[in-house]
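Here's the structure, in structure tokens; my notes come after.
The values are calculated or read from the model by the stated rules, or taken from the named source; none is laboratory data. Given the structure is predicted, the values throughout are model-derived calculations rather than measurements. Here the Cβ is made from the backbone with ideal geometry for all residues, glycine too, and neighbour counts use every protein chain on show.
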Amino acid sequence: MHLLGIMYFNGTGTQFDLNQAIYWMEKAASQQDTKSIQRLAMFQELQNHVPAAILTQWDIVVRNTIGEIMLKAIQGDANAQAQLDSMYYSGYLAFSTEPFPVDKAQSAYWRRKAANQGNIESLLGEGEIHYKQYLEHKNIQDLKQAIKWTRAAVAVTLPANMSSESLPFISHQRAVQLLPQFEQELKQAQQK
């Protein structure tokens, strides 16, 4: 049953069919097979969040990679959660130019989960989103939230040997630059 689910998902010996993959994986999972339970969660996450028209465009490697990212994110992996945030926000897969459904609510959901675990890119992302909201609405609470999240990004301790070209390093440097700007803007706003 597990193998049939995999074959339908991969399109091996048959056309890709997510519904059939889920059907067979549910049967295998009902036998308390751990791998089947995990695969079922991955398949269901794809079904719930990626339109079938996009899924059928992806090849086996892309479908499996996205499925693995989603499964890791569900299991609490902050880096996978940050990847989902980026993909839902940009509309592209993290590793190619393949289309991905834009969904700002899903982006925010995964960004917040990753930020709450200390993922520096997500902490900075939360700060920047709140700052954009402040600029748009002039609500001082948005600016305070921008400072809170950006300050948390600044507080992240990076490994001493981290490359200056890595995304965490770049995000940290950007947070260090933005924080004084946000704090100065808060002082000015409070004086008005």
**Request:** Return only the number of the condition from (1) closer than 18 Å to residue 157 by Cα; (2) surrounded by 20 or more Cβ atoms within 10 Å (Cβ to Cβ) that residue 129 does not satisfy.
**Result:** (1)
**Verdict on residue 163 being polar (S, T, N, Q), modelled with pLDDT under 95 and either assigned to a helix (DSSP H, G or I) or under 19 Å from the mean Cα position of the chain (by Cα) (or both)** = no
**Request:** Would you mention how many residues in segment 135-177 are within 20 Å of residue 116 (Cβ to Cβ) and either among the aliphatic types (A, V, I, L, M) or touching a residue at least 60 places away in the same chain (Cβ under 8 Å) (or both)?
**Result:** 10
**Asked** If we scan segment 147-161, do we find a residue that is within 30 Å of residue 63 (Cα to Cα), crowded, with 19+ Cβ neighbours inside 10 Å and in contact with an Asp or Glu (Cβ under 8 Å, 6 or more places away or on another chain)?
**Response** no
**Prompt:** Any idea which residue in segment 109-126 is surrounded by the most Cβ atoms within 10 Å (Cβ to Cβ), counting only those that are part of a helix (DSSP H, G or I) and among the polar types (S, T, N, Q)?
**Reply:** 122
**Prompt:** Inside segment 86-98, can you point out the residues that are out of contact with any Phe, Trp or Tyr (no Cβ under 7 Å at 6 or more places or on another chain) and either among the basic types (Lys, Arg) or surrounded by 14 or more Cβ atoms within 10 Å (Cβ to Cβ) (or both)?
**Reply:** 86, 89, 94
**Message:** If I filter segment 56-66 for residues that are of a type in the set (S, T, N, Q), surrounded by fewer than 16 Cβ atoms within 10 Å (Cβ to Cβ) and touching an Asp or Glu at 6+ places or on another chain (Cβ under 9 Å), do I get at least one hit?
**Reply:** yes
